[in-house]
Amino acid sequence: MKNQHLFNYIISIADNSLILGQRLGELCGHGPTLETDIAGTNIALDLIGQTRNYYQYAAKIQGGGKTEDDIAFLRLEKEYKNVLLVEQPNTHFGYVMGRQFLFDVFHLLFMNQLMQSKDDTLAAIAKKGVKEVSYHKRFSSDWIKRLGDGTPESNAKMQEAINDLWAYTDELFDQTEADKAMASEGIAVDTTKLKESYYKEVSEVLEEAKLTVPERKYFTRGGKKGVHSEYMGYILTELQYMQRTYPNMEW
């Protein structure tokens, strides 16, 4: 049972990075400037690299000859456990940066705690990735400030994105049965303890960017239970195409 809980926990972490990396990959060649385009692509590559580390470990735990490719490409939609935030579409650049920022703040808090995990492999993955995630947060935070405190149009578009994406933030702190089991053993991060710091940091950046912090009592959730938005099927269609068309391809 412990191995199953550990496997499920690793998958839930990795799926966030995989799906967000895939979303950012869609923008390769479509950034507003060359520098920003390359930065976004590099962030996508960072996330996919972290995903590989997690999936390699998960495949080792699962056994049965499974590989990272099987886990990444050959699951059904309901078997992916990423939060809904990361699968939201690239509506416009404000949404791209808003989604990235709202995830990055959480991700850095999470990685700093995962470095303390009693699982040596997870701790090592976190130590390797925390510098990357720190840069991601700095990059997206800077864009939030530039767009929010820019022109009236950029402020309006950035506020629109934050208002719409805010509904998905609370799910970041939901805990599954596997999360709770692993947290009790000192392996997983107790994400409920990150919530206060998260909203404090996010609010400070939004206020500096002259953006209004949304007030919302009800939030949308379900991704961590495998219940996804209508966008997930389209993401997986592109993500899984090569592996399902040409089986046994390798990264």
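The values are calculated or read from the model by the stated rules, or taken from the named source; none is laboratory data. Bear in mind the structure is a predicted one, so any value in this text is a computation, not a measurement. Every residue, glycine among them, receives a Cβ derived from its backbone with ideal geometry; neighbour counts consider all protein chains shown. Areas reflect the complete protein model, heavy atoms only, side chains present, ligands, DNA and RNA absent. Shrake-Rupley method; radii C 1.70, N 1.55, O 1.52, S 1.80 Å.
Remarks
- Loop-located GluC sites (Glu not before Pro) in the stretch 202-232 (DSSP state other than H, G, I, E, B) with a sparse environment of at most 10 neighbouring Cβ atoms within 10 Å: GLU215, GLU230.
- From helices alone, the chain scores -21500 deg cm²/dmol at 222 nm; the rule is -39500 (n - 2.57) for each run of n ≥ 4 DSSP H residues, then divide by the residue total.
- Across the chain, the relative contact order, built from alpha-carbon pairs under 8 Å that are at least six residues apart, equals 25 percent.
- Dipole magnitude for the stretch 12-149: about 340 debye, using +1 per Lys or Arg Cβ and -1 per Asp or Glu Cβ, origin at the Cα centre.
- Debye, to nearest 20: dipole size of the stretch 149-247, +1 on Lys, Arg Cβ, -1 on Asp, Glu Cβ: 340
- Sequence-separation-based contact order of the stretch 122-251, relative, with Cα cut under 8 Å and 6+ spacing, percent: 28
- Under 18 Å from LYS210, Cα to Cα: aspartates and glutamates that are on another chain or at least 8 residues apart: ASP142, ASP149, GLU153, GLU160, ASP164, GLU201
- The rule of thumb for compact globular proteins, 2.2 N^0.38 Å, goes into the C-alpha radius of gyration of the stretch 1-79 1.26 times.
- Dipole magnitude of the chain about its Cα centre (Cβ charges: Lys, Arg +1; Asp, Glu -1), debye to nearest 20: 480
- Surface composition of the chain: carbon plus sulfur atoms contribute 51% of the solvent-accessible area (1.4 Å probe, protein chains only, all chains present).
- Orientation-averaged projection of the stretch 1-245 equals 12.8 nm² [convex hull of Cα atoms, one quarter of hull surface area].
- Per residue solvent-accessible surface (Å²) - the chain, probe of 1.4 Å: 49
- Under 26 Å, Cα to Cα: Lys pairs in the stretch 31-165, sequence gap 8 or more or different chains: 26
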